[in-house]
1. With θ taken as phi - 60° and the coefficients 6.51, -1.76 and 1.60, list the Karplus ³J(HN,Hα) couplings across segment 172-178 in order, rounded to whole Hz; mark glycine and proline as x.
2. What list of whole percents do you get for P(r) of segment 56-175, with Cα-Cα distances grouped in 5 Å bins up to the one holding the largest distance?
3. Just check segment 117-201 against the gyration tensor rule for me: Cα atoms, a ≥ b ≥ c as the square roots of the eigenvalues, rounded for a/c under 1.5, and otherwise prolate or oblate depending on whether a/b exceeds b/c.
4. With springs only between Cα atoms under 10 Å, which of Pro138, Pro63, Pro156 fluctuates most in a Gaussian network model of the chain?
5. Residue by residue through segment 11-21, which ³J(HN,Hα) values in whole Hz follow from phi under the Karplus form 6.51 cos²θ - 1.76 cosθ + 1.60 (θ = phi - 60°), with glycine and proline marked x?
6. Taking only Cα atoms and a 10 Å spring cutoff, compute GNM fluctuations for the chain and point out the largest among Ile146, Ile59, Ile131.
7. Assign unit charges at the C-beta atoms only (+1 for Lys and Arg, -1 for Asp and Glu), then state the dipole size of the chain relative to its Cα centre in Debye, rounded to the nearest 20.
8. For Ser96 paired with Val166, estimate the spin-label separation in nm (one decimal), with each label point 7 Å from Cα along the Cα-to-Cβ line.
Amino acid sequence: MIENKQLLIFDCDGVLFDSAGANIAYFNLCLERLNLPHLSETMKSRAVFLSVHQLFLEILGDPVRADEASRVSQNLPYDDFLPMLEPLFDFHRVFSHLRSRYFLALASNRSKSLVKVMKHYNLFDYFHFKISALDARPKPAPDMLISCLEYFDISPEYSLFIGDSVSDSQAAHSAAIEYLHVGRHDRYAFINSVEELLLHY
């Protein structure tokens with residue numbers, strides 16, 4: 001699975017954290033500030049992996065209004081929601097082992113909140129490189145993954161992207177990077193937790 005890899009690229013939400021509660025609460029606060037109703041049940045599930053702009057574009061259906069809503073969201077601090085994130089495994093145990101053998105990168109559709117999350121949970125100790133929707137087009141565009149390859153100067157066949165959503169798998173396919181899904185899946189190779197990577201270490 002990862003024996004011949006040099007670079008492991010991770011998504012954040014749904015892979016490192018169960019962030020559903022935090023993201024839903026954050027986006028609902030944004031919508032309140034815009035005098036809009038809270039997320040529907042359908043949009044709650046999509047709030048976990050869409051970028052801020054992607055989510056508002058789906059809700060509002062208008063790029064101009066989505067831009068305005070995104071600007072409002074950028075002025076709302078994410079700090080109060082950080083304690084609501086639930087780590088899905090022991091970061092130190094897993095990433096300290098993986099970092100000793102592989103380059104590690106984080107590619108997330110988060111925007112400015114990614115740095116806050118990484119600082120709060122000491123993830124800068126483990127990842128050599130991070131990229132967010134502030135730096136490149138959000139997934140399913142392959143730009144983030146291609147940037148990871150370019151940063152490390154590693155070809156796709158020696159890289160692996162670990163994600164949990166349709167947009168993650170599409171980005172990996174477009175970047176010609178092997179994809180590993182977190183959570184049971186009928187189509188893709190999968191693991192139930194990132195911890196399982198240590199079995200192939």
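1. Each residue's phi maps through the Karplus curve to give 4, 4, 5, 8, 6, 10, 4 Hz.
2. P(r) over segment 56-175, rounded to whole percents: 2, 10, 17, 20, 21, 17, 8, 5, 1, 0.
3. Here segment 117-201 falls in the rounded category.
4. Most flexible of the set in this elastic network: Pro63.
5. Whole-Hz 3J(HN,Hα) from phi for segment 11-21: 6, 9, 6, x, 10, 8, 10, 8, 10, 4, x.
6. Ile59
7. On the way: 18 positive and 26 negative charges, 52 e Å.
That gives the chain a dipole magnitude of about 240 debye.
8. It works out to 4.0 nm between the two label points.
Laboratory data are not the source of any read-out in this text; all were calculated from the coordinates shown. As the structure is a computational prediction, the values presented were derived from the model and not from experiment. Backbone-built Cβ (ideal geometry, glycine too); neighbour counts: all protein chains shown.
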